[in-house]
Amino acid sequence: MKFQPRSTEFSDDKRTWQRFLAGDVSAFETLMSGYFRTLFHYGCKFSGDQEFVKDSIQDLFLYLWERRANLNADADVKPYLMASLRRLMHRNVNSKSWVGEGGLTVPEDHFEIEFSVEQEYINHESTLVRTRQLDKLIGELPKRQKEVIYLKFFQGLDRDSISEIMDVTPQTVSNLLQIAIKQLKTHWKAEFLTFFMLHLLL
Amino acid sequence: MDRYNDFTVEDFVWDDFFRQWALAPTPETSTVWDEWVGSNPEMLEKVQQAKAIVLSLRLHEPEIADPEITRIVKQTIAKTDEPVYGFLPKTENTYRLLTYLVAASATLLMLAGWAIYTLNPKKGDPQSTNIGSPTDSNIAFIEKVNHSAEPMRVDMEDGSKITIAPAGRLRYPKKPNADKREVYLEGEAFFDIAKDPGHPFFVYSNGLITKVLGTSFSIEAYYDSNEVTVEVKTGRVAVFAESDPAVKEKISGTGLQGVVLRPNQKIIYSRDEVRMVKTLVEQPEMVVAKALTPQFEFEDTPASDVFDKVGKAYGIDILYDENLLKDCPLTATLDNQTLHEKLSIICKAVEASYEILDGQIVIYSKGCKN
């Protein structure tokens, strides 16, 4: 769970991006190395096949390189890369299932986030229970709500970036987020209350 | 802060400002929250619990190691366009690698030689060139000559900055061309060219054409010298002779064709001996941003990893036999040395030697397995 400040690396990123567009191989390397892990993590949410995710990132950069003359020099790099990977993975999986290679989960039905509960921060058993409940509740959210929660709270992205990545309007992002949080709060409260009462009775 | 007065634990957990403080507190945010809890002591327990939840719920991400990322990035770059001067696979046997390199350079030299020899009608005379010479047309030119003893800076309309060394002479059309930017140089100059992939930038100097899309580099092309040298500081630069048979395609192509130079590489073009030699600049500089300069502290690190790290920082390909060098551990701190000092120290420590070949560094080693 890390908040990533947007402003500090921003201009460096843009400069690297523009060097990339100008055909600079060292910028290619900087950009791809710098974003590989973020993209890999994001891609793995759509597919459990890590090799497929790595291949997709490679394809993405080769594709961008090939088309660099036509790309927007002012693009916001991180959301742009994430959005492009998302599109590319969806397309690749669709074409794979199209030619009958089947067996893969179609990512549009798939967005899995996994948490680990770090107990060092927890003093009370009740806090542990609440954290585990939250983990479970996030897992039960519909996939688009899950993705919005992931991008906002765990990638530190703003509404406009999320709207670009998920290819929906900013208003839809706000709505999804509001519904998700409301859902989490309500169920969480209810579950905790149940737990608490059981605890008292026993 | 009043809006927090009737917050529940659930509310806190999803509140941006609260999360920011819980995950990455700053003196400012800590003051704000400490004061608020101080005047609302009944909220302390909720705040503590919410903070514990925010901190303890960690996203579990699949792991991927740095060397794996480096490997994939290298592999990807190898798949981009450059046919001759691309990245070569590092796991190959050094001798085979060497043969390959020598063959590749030989081919290139022969081609360049043939091209220059057969197609340049009056070789050695800069006025006889048929492409791009300012005397060819009736276009009005601006001419800047540096008569002083100090470098002279010229700011171009497109944002490019050109620094002309004393006695240098730069000419360019008064009215910029619609699809390309062009200048003519005699003498020495440093170019910091504004990025504009749609309008490639050309420097014509003593029979050598330098083409870039946006980058910085220097050219030395004295009228009375047989050699033209081009050194690259950042970005990529393509060079080709004016007498190149494919010169029209190379000028009009959208990418960079010809001999492509990367940062810290240098080309020496000899007009009389009709050859191009690619090497490294004398004192290569790191290509990574200052803030990102890696630390060169190694403890029992395989020499192969050390070379990778150094090569990456300088943007230079270092070729070695991975099987031999992965068993050569190195312990050293190399933050304050130049590239050549670094390489000498590493090579001495693992009983290897190095050579600059074709703008790359080749390591010769017999391994350390005994």
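The values are calculated or read from the model by the stated rules, or taken from the named source; none is laboratory data. Please read all numbers here as calculations on a predicted model, not as lab measurements. Ideal geometry is used to build each Cβ from the backbone, glycine not excepted, and the neighbour counts take in all protein chains shown. Side chains included, ligands, DNA and RNA excluded: accessible areas come from the protein's heavy atoms. Shrake-Rupley method; radii C 1.70, N 1.55, O 1.52, S 1.80 Å.
Here are the numbers for the structure shown:
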{"read-out": "Average Cα contact separation per residue, region B:2-56, under 8 Å, 6 or more apart, as relative contact order %", "value": "53 percent"}
{"read-out": "Rounded to whole Hz, the Karplus (6.51, -1.76, 1.60) HN-Hα couplings of region B:322-328, x for glycine and proline", "value": "4, 4, 7, 8, 5, 9, 9"}
{"read-out": "Shape category assigned to region B:286-365 from the gyration tensor of Cα positions, a/c cut at 1.5", "value": "oblate"}
{"read-out": "Region B:173-285 pair-distance distribution - Cα-Cα, 5 Å bins, rounded %", "value": "2, 12, 24, 26, 21, 10, 3, 0"}
{"read-out": "Exceeding the 31 Å Cα-Cα cut-off - candidates A:Lys14/A:Lys136; A:Lys78/B:Lys74; A:Lys78/B:Lys174; A:Lys78/B:Lys312; A:Lys78/B:Lys248; B:Lys79/B:Lys278", "value": "A:Lys14/A:Lys136; A:Lys78/B:Lys174; A:Lys78/B:Lys248"}
{"read-out": "For residues of A:13-26, the mean tally of beta carbons on other chains within 10 Å", "value": "6"}
{"read-out": "Interface area, B with A, accessible, probe 1.4 Å, both sides summed, Å² nearest 100", "value": "5000 Å²"}
{"read-out": "Size of region A:120-201 as Cα extents on the principal axes (Å, biggest first)", "value": "49, 26, 15"}
{"read-out": "Percent of beta bridges antiparallel (DSSP, region B:231-370, rounded to nearest 5)", "value": "90 percent"}
{"read-out": "Convex hull volume of region B:2-56 per residue (C-alpha atoms, cubic angstrom)", "value": "68 Å³"}
{"read-out": "In sequence order, calculated HN-Hα J values of region B:220-227 (Karplus, 6.51, -1.76, 1.60; Hz; x Gly/Pro)", "value": "10, 9, 7, 4, 8, 9, 7, 10"}
{"read-out": "Region B:230-266 versus region B:1-44: alpha-carbon centroid distance in Å", "value": "58 Å"}
{"read-out": "Of all accessible heavy-atom area on region B:286-365, the percent that carbon and sulfur account for (1.4 Å)", "value": "48 percent"}
{"read-out": "HN-Hα J in Hz across region A:178-191 - Karplus 6.51, -1.76, 1.60, θ = phi - 60°, x for Gly and Pro", "value": "5, 4, 4, 5, 4, 4, 4, 4, 4, 5, 5, 4, 4, 4"}
{"read-out": "Nearest-10 value in Å² for the accessible area of B:Cys368, using the 1.4 Å probe", "value": "40 Å²"}
{"read-out": "Shielding score for A:29-36, defined as the mean number of other chain Cβ atoms within 10 Å", "value": "5"}
{"read-out": "Å² of accessible area per residue within region B:286-365, as computed with a 1.4 Å probe and no ligands counted", "value": "46 Å²"}
{"read-out": "10 Å Cβ neighbours from other chains, averaged over peptide B:230-240", "value": "2"}
{"read-out": "Ranked by how many other beta carbons lie within 10 Å on average, peptides B:312-322, A:72-82 from highest", "value": "B:312-322, A:72-82"}
